[in-house]
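J.: Below you'll find the structure I mean.
The values are calculated or read from the model by the stated rules, or taken from the named source; none is laboratory data. Owing to the predicted nature of the structure, the values given are computational and were not obtained by experimental measurement. Here the Cβ positions follow ideal geometry from the backbone for every residue, glycine too, while neighbour counts run over all protein chains shown.
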Amino acid sequence: MKKMFALFCTLTLSFTMLFSSSTKALTYTQAEDLADLTAIYLFLNKDCGYEQISKPKIERALMVFSRSQQWDVSNYSTLPMSQLNEDSYKDLKGIEVTHSKKCQLLANKSLSLLNY
């Protein structure tokens, strides 16, 4: 349970700790971070009742996040993003925190990025 909670915290908080990163092309680790963020929005949409989170809004939030990190996403399509997104979503679903608490925490930490 503690390991799952630690993973949950890592998924929701890792995005705020990476603001100083700058690279020439998207690294695999950065792609995983984007997949984690995608998984959060998909989870909120599919599992928490946030149907208003559309694919274009998610894509825009990912671009805003990438720019804030000064990441070059020109190689995004060359990375296995579908698989990374799916793996992150499964990991997120598997975190053993009550469903309502998980939805609340994810929404509190992530929805503001959709406003950009």
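J.: Please name all residue pairs, on different chains or six or more residues apart, with Cβ atoms under 6 Å, provided the first residue is in the range 47-72 and is β-branched (Val, Ile, Thr) and the second residue is part of a helix (DSSP H, G or I) and surrounded by fewer than 18 Cβ atoms within 10 Å (Cβ to Cβ).
T.: From the range 47-72, the pairs are Ile53/Asn45.
J.: Continuing with the same structure: In this structure, is Ser110 modelled with pLDDT under 95, over 21 Å from Leu26 (Cα atoms) and buried (at least 17 other Cβ atoms within 10 Å of the Cβ)?
T.: Against the criterion (modelled with pLDDT under 95, over 21 Å from Leu26 (Cα atoms) and buried (at least 17 other Cβ atoms within 10 Å of the Cβ)), Ser110 qualifies.
J.: Another question about this same structure. Go through (1) in contact with a Phe, Trp or Tyr (Cβ under 8 Å, 6 or more places away or on another chain); (2) more than 17 Å from Ala107 (Cβ to Cβ); (3) modelled with pLDDT under 95; (4) not basic (Lys, Arg) for Ala31 and report which single condition fails.
T.: Just one mismatch for Ala31, condition (3).
J.: For the range 38-62, how many residues are exposed (fewer than 15 other Cβ atoms within 10 Å of the Cβ) and not charged (D, E, K, R)?
T.: Matching residues across the range 38-62 total 4.
J.: So Lys93 fits all but one of (1) charged (D, E, K, R); (2) in a helix (DSSP H, G or I); (3) out of contact with any Phe, Trp or Tyr (no Cβ under 9 Å at 6 or more places or on another chain); what number is the exception?
T.: (3)
J.: Suppose we filter the range 73-87 for residues that are surrounded by 15 or more Cβ atoms within 10 Å (Cβ to Cβ) and either among the hydroxyl-bearing types (Ser, Thr, Tyr) or under 13 Å from Lys24 (Cβ atoms) (or both); how many remain?
T.: The number of residues fulfilling the criteria is 2.
J.: Taking the condition of being among the polar types (S, T, N, Q) and either in a helix (DSSP H, G or I) or touching a helix residue (DSSP H, G or I) at 6+ places or on another chain (Cβ under 6 Å) (or both), how many residues in the range 40-76 meet it?
T.: So the answer is 3.
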